[in-house]
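I have placed the structure first, in the form of C-alpha cells, so that the comments after it can refer back to it.
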Amino acid sequence: MSEHTDLPDGAILRRAERRDLPEILQRIVDLAEYEREPDAVETTVEDLDAALFGPNPAVFAHVVESDGRIVGIAVWFLNFSTWTGKHGIYLEDLYVDPASRGRGYGAALLRALARLCVERGYARFEWAVLDWNAPSIAFYESLGAVPMDDWTVYRLAGPALKSLGS
C-alpha cells in the first residue's frame, strides 16, 4: 500500500504516526460513547504509543486526516486461521467522526485493509459489530461482508481472567 491515498475533499488516508496518538485516542473515546460504553476506555496515549510504535508492534492503525484533523481511524492487528494456514486482519476499531461521514472515508479505510490482505496473501478480514448497530451492519453488508451467525464471542476479563490465570 502506498504511503497515502488521496480522498474526497482533500482528505488523506495514511498509516498512523506518533503525532496522531492524541486524536486517535479521542476517536476511540468517541467510538466508546457511540457504543454506549462512555466509561470503558482505559487506554492512554502512552499505551497506544507502546502498542503501535514500540519495538515489536502487534497493533497497527490507519487514519483519515482532513484539514489537519484525524477524522477517521482503523485500528487492527493480525490474527491467524489454523484452517487456512494463513494470517488475516482483525479490525478492532473503525470510526469516522459524524461530521465527516458520507464522504467514503469508512469505505476507504476498509478498502485499504482489504488491499493489505490481498497484497500479503491473508485469508480473512474480520471484525465484530454490535447487534443493535443497524447502520453499520447495512454498511458492511453493502461491501460484501457477511455475519458469522453461528459464532458467539466469549471474553475473559477482570476477576474471571485473574482467577483462571492464577
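Could you work out how far apart the two model spin labels at Ser81 and Val45 are, taking each label as a point 7 Å from the Cα in the direction of the beta carbon, and quote it in nm?
Reported label-point gap for Ser81 and Val45 is 3.9 nm.
What distance in nm separates the two pseudo spin-label positions at Asn56 and Glu119, each 7 Å out from Cα along the beta-carbon direction?
For the pair Asn56/Glu119, the computed spacing is 2.5 nm.
Taking the chain on its own, what percent of its Cα-Cα pair distances exceed 28 Å?
Within the chain, distances greater than 28 Å cover 23 percent of Cα pairs.
Give me the net charge of Arg69's neighbourhood, meaning all other residues with Cβ under 9 Å from the Cβ of Arg69; Lys, Arg count +1, Asp, Glu -1.
Taking every other residue near Arg69 into account, the sum is -4.
For the chain, what is the mean residue ellipticity at 222 nm derived from helices alone (per DSSP H run of n ≥ 4: -39500 (n - 2.57); sum divided by total residues; nearest 500 deg cm²/dmol)?
-10500 deg cm²/dmol
Of Val64, Val146, how do they rank once you tally other Cβ atoms within 10 Å and put the fewest first?
So the ranking, lowest neighbour count to highest, is Val146, Val64.
Suppose every Lys and Arg Cβ carries +1 and every Asp and Glu Cβ carries -1, with no other charges. What dipole size does the chain come out with about its Cα centre, to the nearest 20 debye?
Result for the chain is approximately 560 debye, rounded to the nearest 20.
Counting other Cβ atoms within 10 Å, keep those with at most 16, restrict to DSSP loop, and tell me which GluC sites (Glu not before Pro) in the range 1-61 are left.
Here the sparse-neighbourhood loop sites are Glu3, Glu17, Glu35, Glu42.
Ranking Trp132, Trp76 by Cβ neighbours within 10 Å, fewest first, what do you get?
Trp132, Trp76
Read-outs throughout are calculated quantities, based only on the coordinates presented, and are distinct from any laboratory measurement. None of the values given here were measured: they were computed from a predicted structure. Every residue, glycine as well, gets a Cβ built from its backbone with ideal geometry; the counts of neighbours run over all protein chains shown.
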